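What follows is a set of notes on a single structure, which appears directly below.
The values are calculated or read from the model by the stated rules, or taken from the named source; none is laboratory data. Only a predicted model underlies this, so the values are computations on that prediction, with no experimental measurement involved. Methodologically, a virtual Cβ is constructed for each residue, glycine included, from the backbone with ideal geometry; neighbour enumeration extends over all protein chains shown. What goes into the accessible areas is simple: the full protein's heavy atoms, side chains included, and nothing from ligands, DNA or RNA. Shrake-Rupley method; radii C 1.70, N 1.55, O 1.52, S 1.80 Å.
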Amino acid sequence: MDDVPTQVCVVGGGPAGLTLAVELARRSVPVVVVEASRHFNRSFRGESVSPDSVWLLDRLGLLDRLDGEYVQMHYMRIQDSGHTVFAADFERFRYPHPFPVELPQPALLSALAETGAAHPGFTLLQGATAIGLLRDDDGTVTGVRVRTAEGEREIRATLTVAADGRFSKVREMSGLAYRTLPLERDVIWLKLPFPYGDWDDRTYRVRIRGDQHGLFIPTRPDSVRVGFNIPKGGLKEMRAQGLPRLYERLDALAPELSGAVREQVRSWSDTSMLDIFTTVVPRWSAPGIVLVGDAAHTLTPILGQGVNHAIIDAVTLAPLVADALDSGPVALNAATDAFQRAREASVARSRALQLRQERLFTLHGRVGGAWRRTLYRSLNRSELLTRRVLAGAYFQLQEPGERVAKVQDAAR
């Protein structure tokens, strides 16, 4: 069993973990990233990057490296029962980066890994699974025990970071309390060729019909990601009904894709199911360990907030940790507490916005559907209200014109 010493061990090589590791390595902090997968070829993972995170990627010098890998989204359109009830134009937002982008995770993660590898203190250990936390006599976490193809290793660290996602095993091992709030739907994802003759590739589309809804997201290079709701835990029943039931669901929401779905989706293995829930963790840290990203605050897919908050978490935490590591455990505990204080209000706002939208999706019947359409149309008629709602999701950091990143100022 090899003993690998470092200052920070990050478990999870997703957007939160790799962004944090890069930011620490840039500050000359030795960091080891432990990632279970041997590659970054992740399908149906978060590809939607909010404008604030696009802005941060630009400030971090990564956006130029990713040029050609992403597509900007200029519009959002919501149709209910065949009628457009809401339309947003991101070109109207006067921010340094007003557009959300669709960026495949393999491209983002590869760019982050390459950037990190340029720093001598950065180590990415792929094909390694965390199987236990190391602790000293008083219970302080002192690192992670991992399993690799070559055997077990111990990564000893001053700080261990759980960045291993919505089903975080490290969160479980830490003993930190949390509660999971299941929502009323799950989502089936699939990918189809983009219907260029009918749609432009710069628009987010939401289609609603009764209590059914679908998300249609342009994806590089020439696809559309489709996500549609099923009742919570309803995948087994839908599979029992067969693929024709899936085709019918999509026919009702987007008849333009009827031919493509029958050509491309020939088995259930061509789809992926996302269990929709949100997780609330009252305390994100304990001596020697801190949670970030989905491990600290699982969100729903609405408005692509998962990747956004993961990146902001990383950029917030890195300077706090870098300043505290050499000052002892009291300073490090204070830094992780400051991280949570700086971030939890923003996460709570995004969660509240998502839960309101989740409730709108569940409305059905004559009265419920009419109420939902009335709300969307009222929002659509007020440009001020539209800006306020979308700014709460997309523009929590940016202001018109460049300025120092408020997120790091707030953390300090």
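Things worth noting here:
- Between PHE86 and ILE78, the built amide H atoms are under 5 Å apart, and every one of these is 5 or more places off in sequence or on another chain.
- Carbon plus sulfur fraction of accessible area for the stretch 1-72, probe 1.4 Å, in percent: 40
- Of all accessible heavy-atom area on the stretch 183-223, the percent that carbon and sulfur account for (1.4 Å): 43
- Beta bridges by DSSP in the chain, antiparallel share as percent, to the nearest 5: 65
- Among TRP371, TRP55, TRP284, residue whose mean-square fluctuation peaks in a GNM of the chain (springs only between Cα atoms under 10 Å): TRP371
- Here the chain is treated with +1 on each Lys and Arg Cβ and -1 on each Asp and Glu Cβ, and its dipole about the Cα centre works out to around 1500 debye.
- Based on the convex hull around the alpha carbon atoms, the stretch 144-235 presents an average projected area of 10.6 nm².
- Evaluated over the chain, the count of Lys pairs having alpha-carbon atoms less than 27 Å apart is 4 (only pairs 8 or more residues apart or interchain).
- Contact order relative to length of the chain, as percent, for alpha carbon pairs under 8 angstrom and 6 or more apart: 22
- Using alpha-carbon coordinates, inclination of helix 329-362 to the longest axis of the chain, degrees: 10
- Cα principal axis extents for the stretch 360-404, largest first, Å: 49, 20, 6
- A 1.4 Å probe run over the protein chains yields, for the stretch 103-260, 44 Å² of accessible area per residue, whole-number rounding.
- Per residue value of the accessible surface for the stretch 279-412 (all protein chains in place, 1.4 Å probe), Å²: 42
- Using a probe of 1.4 Å, the accessible surface attributed to TYR204 totals some 20 Å² when neighbouring protein chains are kept in position.
- Taken one residue at a time, the phi angles of the stretch 123-137 give Karplus couplings (6.51, -1.76, 1.60, θ = phi - 60°) of 10, 10, 9, 8, x, 10, 10, 5, 10, x, 9, 8, 9, 8, 5 Hz. Gly and Pro are set to x.
- With each label modelled as a point 7 angstrom along the Cα→C-beta vector, the SER267-THR140 pair spans 5.3 nm.
- On a per residue basis, the stretch 10-75 carries 35 Å² of accessible surface, using protein heavy atoms and a 1.4 Å probe.
- Highest-fluctuation residue, ALA21, ALA130, ALA162 considered, GNM on the chain with Cα pairs under 10 Å: ALA130
- In Å², nearest 10: area of ARG245 left accessible to a 1.4 Å probe: 80
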